[in-house]
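Read-outs throughout are calculated quantities, based only on the coordinates presented, and are distinct from any laboratory measurement. These numbers come from a predicted model, not from an experiment. With ideal geometry, Cβ positions are generated from the backbone for all residues, glycine too; neighbour counts draw on all protein chains shown.
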Amino acid sequence: MEQTAHRLDLSFGLEGKVALVTGGASGIGAAIAETFAAKGAEVAVVDLDAAAAEAAAAGLGADSSSHACDVSDEASVRSAVDAVVQRHGRVDVLVNSAGVAILAPAEELSAAAFDTTIAVNLKGTFLVCQAVGRHMLEAGSGTIINLASQAASVALDQHVAYCASKFGVVGLSRVLASEWAGRGVTVNTISPTVVLTDLGRKAWEGPKGDALKAQIPTGRFALPEEIAATALFLASDASNMVNGADIVVDGGYTIR
């Protein structure tokens, strides 16, 4: 079939699009939800904390909605996705930002902590991708953005479960990108360095954070808005030819 040229919207507008953001009540997810809403999207804030999700959605405008969900539980995911589709009619953009980080030396990390990390970060990403992906495939279009990490590219001390989960997210996303792009659904990942959310600031303050920043060529950590800006590009029509990519937003940490 012959390709036809069309003019791209380089304003990165999301008017008329419905976006579902997991982990959307705080941190990176909240920054992405706010950015998407500001660019015209209807945003469904999905979060384990129902009250926080409701408060976040209320701040995004009347077109947004909130939904409680445990992404590691298949029934909870199915119920939340069905509720989003019933409320908004469809999902055009999915962002999987829900995640946990339980850190310890590998010889000390409990099996329960490992299982929780994999269940939320990797299994949760799969379950939401699968549930939303089915709707997108039926519609013949959609964009999926999964939050990975610099821990998906390099080994980090005390991150054995976290690295395993985020390496898995990249691999999972590439398989989905390969299987689904021909049916109109693209899948990409974003891999940030430490992001200065409330949790990020507390976890990396002091000498520990200074030592890590010294290893980043730009000499600093990322802002939530910078991750949201990357997600905005991937959510927009300007990124339609980007598929199966891992966009690293780490100031150059992983190039060394």
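Below, the figures for the structure above:
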{"quantity": "GluC sites (Glu not before Pro) restricted to the range 182-256 and DSSP loop, no more than 14 other C-beta within 10 Å", "calculated": "205"}
{"quantity": "Cα gyration tensor category, rounded, prolate or oblate, for the range 9-157 with a/c compared to 1.5", "calculated": "prolate"}
{"quantity": "Reachable aspartates and glutamates, given that their alpha-carbon falls under 17 Å from the alpha-carbon of residue 166 and they are not under 8 places away in the same chain", "calculated": "115, 157, 246, 250"}
{"quantity": "FRET efficiency for residue 111 and residue 73, using Cβ-Cβ distance with R0 set to 25 Å, rounded to 0.05", "calculated": "0.80"}
{"quantity": "Segment residue 141-residue 8, length gained on full extension (0.36 nm per residue, minus Cα span)", "calculated": "46.2 nm"}
{"quantity": "Where GluC sites (Glu not before Pro) fall in DSSP loop in the range 99-185, at most 13 other Cβ within 10 Å", "calculated": "107, 108"}
{"quantity": "Cβ-Cβ FRET estimate between residue 156 and residue 51, R0 fixed at 35 Å, reported to 0.05", "calculated": "0.60"}
{"quantity": "Part-to-part distance (alpha-carbon centres) for the range 21-90 and the range 194-256, which is given in Å", "calculated": "22 Å"}
{"quantity": "Cα gyration tensor shape of the range 105-256, rounded if a/c is under 1.5, else prolate or oblate by comparing a/b with b/c", "calculated": "oblate"}
{"quantity": "Coil-residue trypsin sites (Lys or Arg not before Pro) of the range 117-221, DSSP, other Cβ within 10 Å capped at 16", "calculated": "220"}
{"quantity": "Sequence of 190, 216 once ranked by neighbouring C-beta atoms within 10 Å, starting from the fewest", "calculated": "216, 190"}
{"quantity": "Option label - volume of the Cα convex hull per residue in Å³ computed here, alternatives [x] 233; [y] 132; [z] 215", "calculated": "[y]"}
{"quantity": "Rounded FRET efficiency, nearest 0.05, which uses the C-beta distance separating residue 208 from residue 183 and R0 of 45 Å", "calculated": "0.50"}
{"quantity": "Overall form of the range 40-96 per C-alpha gyration tensor (a/c, 1.5; a/b vs b/c)", "calculated": "oblate"}
{"quantity": "Computed helical MRE - 222 nm, the chain, DSSP H runs ≥ 4 contributing -39500 (n - 2.57), nearest 500", "calculated": "-12500 deg cm²/dmol"}
{"quantity": "Size of electric dipole in the chain: Cβ of Lys, Arg +1 and of Asp, Glu -1, about Cα centre, debye, nearest 20", "calculated": "400 debye"}
{"quantity": "Length gained when the stretch residue 229-residue 63 is fully extended (0.36 nm per residue, less Cα-Cα span)", "calculated": "57.6 nm"}
{"quantity": "Candidates 124, 244, 140, ranked by Gaussian network fluctuation over the chain, Cα under 10 Å, top entry", "calculated": "140"}
